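Notes to accompany the following structure.
Derivation of every value follows stated rules applied to the coordinates shown; laboratory data play no part. Keep in mind that this is a model prediction, so the values were computed, not measured. Counting neighbours? That spans all protein chains shown, and the Cβs are built from the backbone with ideal geometry, glycine included.
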Amino acid sequence: MKISTKKLVQTALLLALCVVSQFLKSGGMLFVIFVTGAIINACIILCDLTCGLWCAAILSVVTPITAFFIAPSPVTAAIPAVIPCIMIGNFLLAPFVHICYRKTKDLWGLVLGMFLGSIAKAVFMGVTISLILLPNFLPEKLMPKLTTFQITFSVVQLAAAAMGCIYAYIIWAPLRKYLKSEE
């Protein structure tokens, strides 16, 4: 696993875009779905496509940590075990995109990988966070919001992943032609 300086810089630029989007989290739930979460998911996918699976893994692990420090959620503050689950959920997007796109080398493979990755992410986070961690470890004072938190870590994650896929597709379609001509 050798990561070139160019790929490391590209990964850092995508991370910077993720961090900027995390500062915008105060815009409400729809804003989080269509902007913050979608940008992070799009960056993970674009990182995989341009820099490789390991760089996408780095982005998947680092973004929940930066989110915790920039705009901490009451859930991650109360249940720190949610953070590794978010990391894994984020990363699940990348291998599906990586395998499907690399096998086919066409946009249909990319769409299939995005679809499967989004489903895998939402199911993983829905089961581990919404069905296991939240009901068992959420503090009593936050229990009235349990249903909202469960929706946030399942359905909202699916919506954010889907929007991120749309953003990544829109960017990747012309970008792949440019990158091919640059080689």
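Annotations for the structure displayed:
- Estimated 222 nm signal from helices in the chain, with DSSP H stretches of n ≥ 4 weighted -39500 (n - 2.57), rounded to 500: -24500 deg cm²/dmol
- Rounded to the nearest whole Hz, the Karplus-based 3J(HN,Hα) values (6.51 cos²θ - 1.76 cosθ + 1.60, θ = phi - 60°) of region 141-154 follow the sequence 5, 9, 4, x, 9, 4, 4, 4, 5, 5, 5, 4, 9, 9, with x at glycine and proline.
- For the chain, the list of Cys residues with no other Cys C-beta under 4.7 Å reads Cys18, Cys43, Cys47, Cys85, Cys100, Cys165.
- The HN-Hα couplings worked out from phi for region 62-68 by the Karplus form 6.51 cos²θ - 1.76 cosθ + 1.60 (θ = phi - 60°) are 6, 4, x, 5, 5, 4, 4 Hz, whole numbers, x standing for Gly and Pro.
- Each part reduced to its alpha carbon centroid, region 8-25 and region 99-158 end up 21 Å apart.
- For region 5-182, the share of alpha carbon pairs falling in successive 5 Å distance bins from zero is 1, 9, 18, 22, 20, 14, 8, 4, 2, 1, 0, 0 percent.
- Phi-based couplings in Hz for region 122-133 (Karplus 6.51, -1.76, 1.60; Gly and Pro marked x): 5, 5, 4, 5, x, 6, 5, 8, 5, 9, 10, 5
- Ordering of 148-154, 88-94, 13-19 by packing [mean C-beta count within 10 Å, highest first]: 88-94, 148-154, 13-19
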